[in-house]
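Below is one structure, written out as structure tokens, with a few remarks after it.
The values are calculated or read from the model by the stated rules, or taken from the named source; none is laboratory data. Nothing here was measured: the structure is a model prediction, and the numbers come from that model. Cβ atoms come from the backbone with ideal geometry, glycine included; neighbour counts cover every protein chain shown. Remember, those area values only see protein heavy atoms, side chains included, never the ligands or the DNA or RNA. Shrake-Rupley method; radii C 1.70, N 1.55, O 1.52, S 1.80 Å.
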Amino acid sequence: MRCKHWRRVPLNLVQEARQLAPAGCVDRAVQCQLSVHEGDEHYGLLAELDDYGVALWLRWREHWMNLVVLRDCPVAASDPDGDGCCLFAGHPEQHTWEDTPKEVSCTS
Ligand SMILES: [Zn+2]
Ligand SMILES: [Zn+2]
């Protein structure tokens, strides 16, 4: 089960993210990409920064948020045509392909 938390991205962070994102296109609201988890720190994917194997994330708690650039999680499902994980290296909880193998999409 995916975490249900959504966060509206403030305009100043959207503008900052658009300068970093190759396509210049960033959503105004993001859903936490983690599986349902303990704690109040959530991570929403803003943009892939393709060439470097990294992505731009919005990390937030109830009263603060910031932009972070995180390396992609390198762990893929073990079957030959298995999906890669949509999360960042060192993330808590399950890999995305462990959680909902049939409906994983990295571009939510
Ligand atoms: Zn969450
Ligand atoms: Zn992972």
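Details
- Mean separation of Cα contacts under 8 Å (6+ apart) over length of the stretch 6-99, as relative contact order %: 20 percent
- Take 31-44, 66-79 and order them by the average number of nearby Cβ atoms within 10 Å per residue, most first; the result is 31-44, 66-79.
- The chain, dipole about Cα centre (Lys/Arg Cβ +1, Asp/Glu Cβ -1), debye to the nearest 20: 540 debye
- Here is how the number arises for the chain: DSSP H runs of 4 or more residues each give -39500 (n - 2.57), the sum is divided by the residue count, and the result at 222 nm is -3000 deg cm²/dmol.
- Chain lengthening between TYR52 and ASP81 when straightened (0.36 nm per residue, less Cα-Cα): 8.2 nm
- Excluding ligands, DNA and RNA, the accessible surface per residue across the stretch 6-99 is 58 Å² with a 1.4 Å probe.
- Ordering SER35, VAL75, LEU20 by Cα displacement along the dipole of the chain toward the positive end leaves LEU20 in first place; charges were set at the Cβ atoms of Lys, Arg (+1) and Asp, Glu (-1).
- Percent accessible area from carbon and sulfur atoms, the chain, protein chains only, probe 1.4 Å: 49 percent
- Judged by the mean number of other Cβ atoms found within 10 Å, the most tightly packed of the peptides 11-20, 85-94 leads the ranking 85-94, 11-20.
- Of MET1, MET65, the order by accessible heavy-atom surface (1.4 Å probe, DNA, RNA and ligands excluded), from most exposed downward, is MET1, MET65.
- Rounded if a/c under 1.5, otherwise prolate or oblate - the stretch 6-99, Cα gyration tensor axes: oblate
- Stretch gain in nm, segment HIS63-GLU38, where the contour uses 0.36 nm per residue and the Cα spacing is subtracted: 7.3 nm
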